[in-house]
Each structure stands twice: as C-alpha cells, then as structure tokens.
Amino acid sequence: MRLPIDPQADIARRAWVPCPNCDDARDCATCADRRNCRVHWRYLISNKGTVVHLQCPGCTHMWSLDTRRRTGRPADDAPAC
C-alpha cells in the first residue's frame, strides 16, 4: 500500500538522503558523488532539532532521521539524553 504524499510536503523543502525503502539512488553517479541530484531528493516534511521527518516522492515511504548520528536508523532508536 502506498501512502499519499503528505499535505505538508513542499518541493522547496528537500533533502538529499537515501530512501531506506526503495534505495532508488543506488546507481546514480550524482548521488554517489554526494551532490544534489535533480531526481533523487526527498520531501523534508518537518524537523525537531536534529531529527528530520522525510518522505520519498517515488515510493511515498515516510521515515525520521537523526542527522546528528547520520546512521539512517529510525529516530525512535535514539538514546535518551
């Protein structure tokens, strides 16, 4: 089941991180060079401190990422401070 694009999604608020669901950028040379690709971006839905909430426009998967850790694990796994 595909989710709809979040109503808070705005193309002006984007992030360039891999989607943990579809990994659509795995063979992209631009993404491999860690440059801002015109195709493989994610909606930046919102953030709370270093935790960003994202949605992939391709597969519509939603997830949270703690940008301080940059491990790609869900923010719910973050240790309490």
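Highest first, please rank the peptides 4-10, 57-63, 32-38 by the mean number of other Cβ atoms sitting within 10 Å of their residues.
57-63, 4-10, 32-38
For the stretch 14-70, what is the charge dipole size about the Cα centre, in debye to the nearest 20, if Lys and Arg each add +1 at the Cβ and Asp and Glu each add -1 at the Cβ?
Values: 10 positive and 5 negative charges, 58 e Å.
Dipole of the stretch 14-70, to the nearest 20 debye: 280 debye.
Roughly speaking, what is the stretch gain from residue 21 to residue 39, that is 0.36 nm per residue apart minus the C-alpha to C-alpha distance, in nm to one decimal?
Answer, rounded to one decimal: 4.9 nm.
Please state the relative contact order of the stretch 14-70 as a whole percent: Cα pairs under 8 Å, 6+ residues apart?
Over the stretch 14-70, the number comes to 28 percent.
Of 68, 14, how do they rank once you tally other Cβ atoms within 10 Å and put the fewest first?
68, 14
Relative to the compact-globule scaling 2.2 N^0.38 Å, provide the ratio for the alpha-carbon radius of gyration of the stretch 14-70.
The reported ratio for this selection is 1.07.
No lab work stands behind these numbers, since they all come straight from the coordinates. Computed from a predicted structure; not experimentally measured. Reconstructed Cβ throughout: ideal geometry from the backbone, glycine too, with neighbour counts over all protein chains shown.
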